[in-house]
Amino acid sequence: MAKLRDIKRRIKSVKNTAKITHTMELVATAKAKVSQGRIQRAIPYFAALAEIAGEARKAGGGEEAGPLHPLLAQRETVKKVTLLVVGANRGLCGGYNGNVLRLARRRRDELQAEGKEVTLLAVGKKIVNGFKFQQLAFEPIQGPVPDDRPPYADCERIADELAKRFASEAADRVEVVYTHYFSAGRQAAIVEQILPIQPKQEEAAEAALDRKPKDAAASSKKTTATVDFIIEPDPRSILDAIFPLQVKLHVYRVFLEAAASEQIARRVAMKNASDNADEVGRALRMQYNRARQAGITKEILEIVGGAAALE
């Protein structure tokens, strides 16, 4: 009987665990849908800003006469690199944080092998704990950090810090390691350069429009036309406002994609946990039935044996 009680207790525990993981799966699914919607709404604005920056860059005469803005300055010798590593504040999301940590460490080792000084900036409690466990020197981002719904104000603060490091030459290049949202079925940890701003980033922003629904993308292609912009008061004044905003929006997009990827990873992890709990529950119920049947059979044999002894 003690064995039956233990099995019954385990069945109840597994059933309660399955309820929790299924609920977390539903919550992660809802949050992932919201995050994906925010990405789709932000991408057109990011692409439009990149297009305007490109036109203003052309109106300013390009890079032949020197950098149009400090955030565009390409350093001849890159000695210092700041690596922003974006992860999650919570676990239970499979290999999401582990993939980011491994890529960040690999990138750090590559840069140090090239003789560069690397500064790690950690965003997310799991990234901070991972760096502490690996005994890597890093600087945590001070104050509140973006979470499931990253507020633009927090992203703006982080972007200002990165721009300040680059402008003061505390960093010759700024890169970010995060989980890129390619689609609802594919996310992967990648390394992107934030500063200095490169023309290819503008092309990448326009290419990101391909992630929009097909009908919206088709309509945008139909309405695309060459436009001659009139720059007032002058290109450099416009660029002084556009390029810092472009960096802020780039950081904002990084956190939006990281948040969406985190929720998708958590949904998959919780679904796998729920499926495993169901399998364990079925195995325990089969074990319980066998033990119960064995007990009943033993009692019947004892009764039959006792009756035979009385005859």
- request: Two decimals is fine: what's Rg over Rh for region 146-200, C-alpha atoms, Kirkwood radius as Rh?
  value: 1.03
Spin-label pair R10/K116, simplified geometry with 7 Å Cα→Cβ offset, distance in nm: 5.2
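Excluding E139 itself, calculate the net charge of residues whose Cβ lies under 14 Å from the Cβ of E139, where each Lys or Arg counts +1 and each Asp or Glu counts -1. Could you put the intermediate results ahead of the total?
On the way: positive: K80, R108, K132, K164, R165; negative: E117, E161.
Local net charge: +3.
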- line: Taking a crude spin-label model, label points 7 Å out from Cα along the C-beta direction, the T23 to Q74 distance in nm is 5.6
query: How much length is gained on full extension from F182 to Q134, taking 0.36 nm per residue of separation minus their Cα-Cα distance?
result: 14.4 nm
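For an R0 of 22 angstrom, estimate the FRET efficiency from the Cβ-Cβ distance between D147 and I190 and round to the nearest 0.05.
Efficiency, rounded to the nearest 0.05: 0.55.
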statement: Scalar couplings 3J(HN,Hα) for region 243-256 by Karplus 6.51 cos²θ - 1.76 cosθ + 1.60 (θ = phi - 60°), nearest whole Hz, x for Gly and Pro, are 5, x, 5, 5, 5, 4, 6, 4, 5, 4, 5, 4, 6, 4
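Tell me the net charge near A113. Cut-off is 13 Å between Cβ atoms, A113 excluded, with +1 for each Lys or Arg and -1 for each Asp or Glu. List each step's numbers first, then the result.
Details: positive: R105, R106, R107, R108, K116; negative: D109, E110, E114, E117.
Here the charged neighbours net out to +1.
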task: Mind listing the long-range amide H neighbours of D172? Cut-off is under 5 Å, sequence gap 5 or more, other chains count too, H placed in the peptide plane at 1.01 Å from N.
output: K79, K80, V81, T82
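Only the coordinates and a few stated rules stand behind these numbers; no lab work does. Here the structure is a predicted model, which means the values were calculated and not measured. No Cβ is skipped: glycine too gets one built from the backbone with ideal geometry, and neighbour counts run over all protein chains shown.
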